[in-house]
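So the structure is just underneath, and the comments pick up after that.
Here, each number is a calculation from the coordinates, and none is a lab measurement. Note that the structure is a prediction, hence the values are computed from the model and not measured. Cβ atoms come from the backbone with ideal geometry, glycine included; neighbour counts cover every protein chain shown.
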2 protein chains.
Amino acid sequence: MPLYPPPLTRLIQELGKLPGIGPKTAQRLALYLVGRPPAEVNALAGALVDARSKLVYCSRCFNITDVDPCRLCTDPRRDDQVLCVVEEPRDVFALERTGEFRGRYHVLHGAISPMEGLGPESLKIKELLRRLQPGTANSPQIQEVILATNSSVEGEATAMYLARLLKPLGVRVTRIAYGLPVGGDLDYVDEVTLSRALEGRRSV
Amino acid sequence: MPLYPPPLTRLIQELGKLPGIGPKTAQRLALYLVGRPPAEVNALAGALVDARSKLVYCSRCFNITDVDPCRLCTDPRRDDQVLCVVEEPRDVFALERTGEFRGRYHVLHGAISPMEGLGPESLKIKELLRRLQPGTANSPQIQEVILATNSSVEGEATAMYLARLLKPLGVRVTRIAYGLPVGGDLDYVDEVTLSRALEGRRSV
């Protein structure tokens, strides 16, 4: 006799496919959901189907969107002269949460990682170069490209690769700053970050 | 302008209602799902709706089931004389996984917890007493009731309450054993567990 009733087995299996959800958590979530009002479970199921069917990648910046081109690409109040290059859609949302950046974005969908067999051709780099060609309708006058890839080995490699590729095009290429995290204790910061923080010091 | 496209906001909100899923995890899961093939997301949505609509509580033992009475209650190879009382459906699955217990179950759906305002009347105790009445069709001859509630304060209180209630009915009432977890280091076990392990020692 199987351990669980078949519909429960199936739900546990499906939940267990999510990243970071192991078999124990999948069982816990499934048993929780079975005890909730049907309307609540149906709302979750509906949100899943709805999100997957309505969301696409923007054909200009490759961020997640329900209208193409996305709202960030078409918002007339944003600055067309500055383009911020990030690895993933979640990085766009992280930057938007700061409320500091008012330019446009370009999502690479990954970073260069020879270990995982990801070369430059698997990222949206061709599409980035196309946006930088002067006179195209998409990008009237990009003056600066901010490389905001992660500060991991892969993110660094990607930023270096892009810097070498973009500089000859006559565009200003910048990299987001390294340093102490705000609220961080000097004592707890690793040596590499601390030497980068010293290197990047600014007059006050 | 909202941070996320509306269908994504809605999915993040719905995922964030799950226990143990905070806003960060909800965003991570939502972005993961948006990048998966539609068939995979629909399979999860389908499993949710299916599980919620098909699963009910067994009218005899109150475990989760898709047929009523459940397979554990109707399996002719199981022993009708021993009844194991647990707090939650997940405890039934945990015990079944051991393959050691071949009797029937009774799920209380909670434990007595004055702190949370849960008294005996909010548990399936009336239903348990009904199963112990001799001569009812449901329970031909229960000889032993194993109290397998958690070893938390609430689980203990529930076991004590049930022991007092059931003993006068002439049924043998037992409590699952306390002791060292198998593979556990004596040194790392708390004092209360260790004294219970001494107390419950058996000749070898």
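Dividing the alpha-carbon radius of gyration of the protein assembly as shown by the rule-of-thumb value 2.2 N^0.38 Å gives 1.36. Among A:173, B:204, A:86, sorting on how many other beta-carbon atoms sit within 10 Å of each Cβ, with the fewest leading, yields B:204, A:173, A:86. Pairs of alpha-carbon atoms within less than 8 angstrom and 6+ residues apart define the contacts here; what relative contact order does the stretch A:70-203 have, in percent? Contact order relative to length: 22 percent. All other residues whose Cβ lies under 15 angstrom from that of residue B:143 are scored, Lys and Arg at +1 and Asp and Glu at -1, for a net of +3. Within the shell of other residues whose beta carbon sits under 15 angstrom from the beta carbon of residue A:116, the net charge comes to -4, with Lys and Arg scored +1 and Asp and Glu -1.
Residues whose amide H falls under 5 Å from that of residue A:174, counting only those 5 or more places apart or on a different chain, are A:145, A:146, A:147, with hydrogens built in the peptide plane. Per-residue mean of foreign Cβ neighbours for A:69-80 is 1 (Cβ atoms of other chains, 10 Å radius).
Applying 1/(1 + (r/R0)^6) with R0 = 30 Å to the Cβ-Cβ distance of residue B:68 and residue A:17, what FRET efficiency is obtained, to the nearest 0.05? The formula returns an efficiency of 0.55 here. Derived scalar couplings between HN and Hα for the stretch B:16-29 equal x, 7, 6, x, x, 9, x, x, 5, 5, 4, 5, 4, 5 Hz in order, rounded to whole Hz, by the Karplus curve 6.51 cos²θ - 1.76 cosθ + 1.60 (θ = phi - 60°), x for Gly and Pro. For chain A, the antiparallel share of DSSP beta bridges with both residues in that region comes to about 20%. Label-to-label distance for residue A:178 and residue B:42 is 4.8 nm, based on points extended 7 Å past Cα in the beta-carbon direction. Extending 7 Å from the Cα toward the beta-carbon at both residue B:186 and residue B:153 defines two label points whose distance is 3.1 nm.
Rg/Rh for the stretch B:1-156 (Cα atoms only, Rh after Kirkwood) is 1.10. With bins 5 Å wide beginning at 0, the percent of Cα pairs of the stretch B:6-54 falling in each bin runs 4, 21, 24, 28, 18, 5, 0. Across the stretch B:173-186, coupling constants 3J(HN,Hα) worked out from phi with the 6.51/-1.76/1.60 Karplus curve, θ = phi - 60°, read 10, 10, 10, 4, 6, 9, x, 5, x, 5, x, x, 8, 3 Hz, and Gly and Pro carry x.
Translational diffusion of the stretch A:70-131, estimated by Stokes-Einstein from the Kirkwood radius over alpha carbon pairs at 37 °C in a medium of 0.692 mPa s, is 260 µm² per second.
Note on the protein assembly as shown: Lys pairs 8 or more places apart or on different chains, Cα atoms under 24 Å apart, count 16. Taking every DSSP bridge with both residues inside the protein assembly as shown, close to 20 percent are antiparallel. Give me log10 I(q)/I(0) at q = 0.17 Å⁻¹ for the stretch A:70-203, Debye formula, one equal scatterer per alpha-carbon, no solvent. Log10 I(q)/I(0), no solvent term: -1.00. GNM on chain A, alpha-carbon springs under 10 angstrom: the most fluctuating residue among A:114, A:23, A:38 is A:23. In a fully extended conformation the segment linking residue B:163 and residue B:201 would gain 11.5 nm over its present Cα-Cα distance, using 0.36 nm per residue. Charging the Cβ of each Asp and Glu at -1 and of each Lys and Arg at +1, and nothing else, the dipole of the stretch A:70-203 about its Cα centre rounds to 740 debye.
Of all chain B C-beta atoms, the nearest to the rotation axis linking B with A is recorded, alongside its rounded Å distance, as B:45, 2. With θ taken as phi - 60° and the Karplus curve 6.51 cos²θ - 1.76 cosθ + 1.60 applied, the whole-hertz 3J(HN,Hα) list for the stretch B:78-84 is 8, 7, 6, 7, 10, 10, 9 Hz, x standing for glycine and proline.
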